[in-house]
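These notes are about the structure you will find just below.
Each value in this text was obtained by applying a stated rule to the coordinates, not by laboratory testing. This one's a predicted model, so the numbers in the text were calculated from it and none came from an experiment. Quick reminder, even Gly has a Cβ in these numbers, built from the backbone with ideal geometry, and neighbours come from all protein chains shown.
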Amino acid sequence: MASILVFMAGTQLYVLTEYTDRFFSWTINPPLTAAFLGASYWASFLLEFLASRKRTWAESRIAVAPVLTFTTLTLIVTLLHLDKFHLDTSAHEPITIFATWAWIIVYAVVPPLMFAVLLFQTRLPGADVPRGEPLPIWMRGLLGFHGTVMVLLGLAFFVAPTAVAPIWPWTLTALTGRAVGAWLLGLGIAALQVVWENDWARVQIALVSYLGLGVLHLIAMMRYLGLFNWSQARSWLYLIFILSIFAVGLYGTLRARQVVPTALPEAS
């Protein structure tokens, strides 16, 4: 159910990118920001859907901390900027009002529910399956770099979005800056958790999601190429960063398919 809601949010933003005034909870400009958020939602959908199909906690927990972080921060963003949301029934269509209230309800319910599930899971008896083949050092180093950059940048955007906005390659408001920051924090935590797990079987689904993230963001860039100022270093740095996400995701996805997952212990 959760993955379906994530997919729907991604569709609103990545497909109906230029119609957020009607089909989303708040109006997003420029549309590249909506595409960025939509790409992140769809990549998260991959992560959550694949996690739901795993048999062990060790192989599925890679989805929990990033999603819990993102949903909690997004609830805070919503409350901080509630005046920007489409809640005025006299100014918006019923479908717009419905989308807005659905957003508010989902983000009010999901964080405490996920925290309860996490608490329940950590109290269950048992131990993780032993780690199998580790990731190469260069890959852990690059993912560690990705994660650190995204977490630090996400924190900066969340705390002081207007002050940090000039370093971003396109225009962000306080609301969209914090929304982007919430995603950066969630994605950064996911990348750092991959480094910590350091096992192909445990991080396979995260690498598939990472590949999807890179592909979707590259497509978003191509859709709105004119919004980038290529005479500025920040546009090139953004492109290089996204390309590196794509490269790590592609290599990791292909390599993980070759690794035999650690077998579950037989019942005695």
Practice problem: Name the most mobile residue of A190, A256, A35, meaning the one with the largest mean-square fluctuation, in a Gaussian network model of the chain with Cα contacts below 10 Å. | Solution: A256
Practice problem: Using only alpha carbon pairs under 8 Å that are at least six residues apart, calculate the relative contact order of region 2-258 and give it in whole percent. | Solution: 24
Exercise. Find how much the distance from L239 to A127 grows on full extension, using 0.36 nm per residue of separation minus their present alpha carbon separation; answer in nm with one decimal.
Key: 36.2 nm
Quiz item: Roughly how many nanometres apart are two label points built 7 Å out from the Cα toward the Cβ at W138 and L16?
Solution: 4.4
Practice problem: Using only the Cα atoms, work out Rg/Rh for region 65-167, with Rh taken as the Kirkwood radius, to two decimals. | Solution: 1.11
Self-check item: Net charge of Cβ neighbours under 14 Å - reference A201; Lys, Arg +1; Asp, Glu -1
Solution: +3
Exercise. Determine the distance separating the Cα centre of region 8-73 from the Cα centre of region 121-193; give it in Å without decimals.
Key: 14
Exercise. Work through the residues other than M114 whose Cβ is under 13 Å from its Cβ and net out their charges, Lys, Arg +1 and Asp, Glu -1.
Key: 0
Quiz item: What are the chymotrypsin sites (Phe, Trp or Tyr not before Pro) within region 174-268 that DSSP puts in a loop, where the Cβ has at most 11 other Cβ atoms within 10 Å?
Solution: W230
Quiz item: Once you put a point 7 Å from the Cα of F115 and another 7 Å from the Cα of D88, both along the Cβ direction, what distance in nm separates them?
Solution: 3.4
Quiz prompt | Dmax and Rg, reported as Rg then Dmax, of region 2-258 (C-alpha, Å) | solution = 18.2, 59
Practice problem: Please report the relative contact order for region 143-207, taking Cα pairs under 8 Å with a sequence separation of at least 6, and give it as a percent rounded to a whole number. | Solution: 43
